[in-house]
1. Can you sort VAL239, VAL139 by how many other beta carbons sit within 10 Å, fewest first?
2. I'd like the antiparallel share, as a percent to the nearest 5, of DSSP beta bridges with both residues in the chain.
3. DSSP loop (so not H, G, I, E, B), at most 14 other Cβ within 10 Å: list which trypsin sites (Lys or Arg not before Pro) in segment 38-97 pass both filters.
4. I need the GluC sites (Glu not before Pro) found in segment 249-351, filtered to DSSP loop residues with at most 13 other beta carbons within 10 Å of theirs.
5. Calculate the dipole size of segment 193-351 relative to its Cα centre from +1 charges on Lys and Arg beta carbons and -1 charges on Asp and Glu beta carbons; express the result in debye to the nearest 20.
6. Compute the FRET efficiency between GLU107 and THR337 as 1/(1 + (r/R0)^6), taking r as their Cβ-Cβ distance and R0 = 30 Å, and round to the nearest 0.05.
7. Pull up all non-local amide H partners of GLN43: gap of 5 or more, or a different chain, and H-to-H distance under 5 Å with H placed in the peptide plane.
8. Which distance in Å, rounded to a whole number, links the C-alpha centroids of segment 303-351 and segment 96-144?
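Taken together, the values in this text are just the output of simple stated rules run on the coordinates, not laboratory data. Treat the numbers as computed from the prediction; the structure is a model and nothing was measured. Cβ placement follows ideal geometry from the backbone for every residue including glycine, while neighbour counts extend to all protein chains displayed.
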Amino acid sequence: MPNIINDVKLDFKDVLLRPKRSTLRSRSDVNLFREITFRNSKQSYKGIPLIASNMDTIGTFEMAKAISKHGLFTTIHKYYTLEQWKEFAQNNAECLPYIAASSGTGEDDFERLKQILTEIPAVRFICIDVANGYSQHFVEYVRKVRAAFPAHTIIAGNVVTGEMVEELILSGADVIKVGIGPGSVCTTRIKTGVGYPQLSAVIECADAAHGLQGHIISDGGCTCPGDVAKAFGAGADFVMMGGMFAGHDQCGGETIQRNGKKYKLFYGMSSSTAMDKHAGGVAEYRASEGKTVEVPYRGDVESTVLDILGGLRSACTYTGAAKLKELPRRATFIRCTQQVNQVYDGVTKGD
Ligand code: 5GP
């Protein structure tokens, strides 16, 4: 007989953060920087723990240059050549503490990763990324990367449950990427019926990781700065975004002009667009699990970064958290049936 879990699991849209009495005078009193020492690599990091996803339109060198100025992190996508990496590293040494090199789990991925990390020793983070982090092959790959790079910080995912977070940390990963199906251009839940509401996944996985001195990233599902604040409130150490960083000058992907308006192509890494581009099409045995959208062009990513940071600081002042690190301790979530008033949707001029 199948098991049914009757507890309600929650998404960002199902809750709001309750305001609390606070001694903070202004948003400028809030410190969004975090200092973290990772469990397995023993490396230290200091930055604002927001991450541009390793999608090929988002995790670009241009994105890293723009957002690392604010202390934000980029997981660089895995489609740059070694030559492109070397050129970037030579000219942008100041960005290197804020980037990770991404890897799949194939033999060729491992060789490529080894070349990048050997040629550019200042790259200290590795992001091992697969859609389904539950396979034994994935766990073995994490072990192999840990053995080859004992002092690099390893990000690994994606999973959504505590037991798998623990297994990956004990296999050598430092930071576990949490999220199956919440992404803006993801269709996994439609194609497979598999997933886990993101806020509950973050709460449960953070608890499992922190019990072992590990860390987690909430990956996917943030649609606005308020969702980012909720993810941190739920216990995420880092928040990764794709869609919120899409549509900017720093993004890869075609720019489209139509009826005098500009758009940028944005697509899931399992969409047929991505598979046509990188794998010569969708293999017969699998289905696309991502979609392709045209995002209205949004200019420089700088203003989006400032908007997210402003929202986060404000969430901290409303809840009385002087530091981002204190947000989970200050967070009380209220379940709600409606979180925003939509009466003027579609007729807003700007914000
Ligand atoms: P977003 O911030 O856009 O809501 O979510 C970004 C995350 O969606 C990525 O970091 C990645 O984990 C996930 N993602 C990216 N492409 C795909 C895809 O094609 N299919 C699925 N299932 N997830 C994707």
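1. Neighbour counts put them in this order, fewest first: VAL139, VAL239.
2. Percentage antiparallel, nearest 5: 35.
3. Filter output for segment 38-97: LYS42, LYS69.
4. Values: sites: GLU254, GLU284, GLU289, GLU294, GLU302, GLU326; in loops: GLU254, GLU284, GLU289.
Listed in order of number, the matching sites are GLU254, GLU284.
5. Here the size comes out at about 340 debye.
6. Numbers: r = 50 Å, r/R0 = 1.68.
The pair GLU107/THR337 has a calculated efficiency of 0.05.
7. Amide H neighbours of GLN43: PHE38.
8. For segment 303-351 versus segment 96-144, the Cα centre distance is 34 Å.
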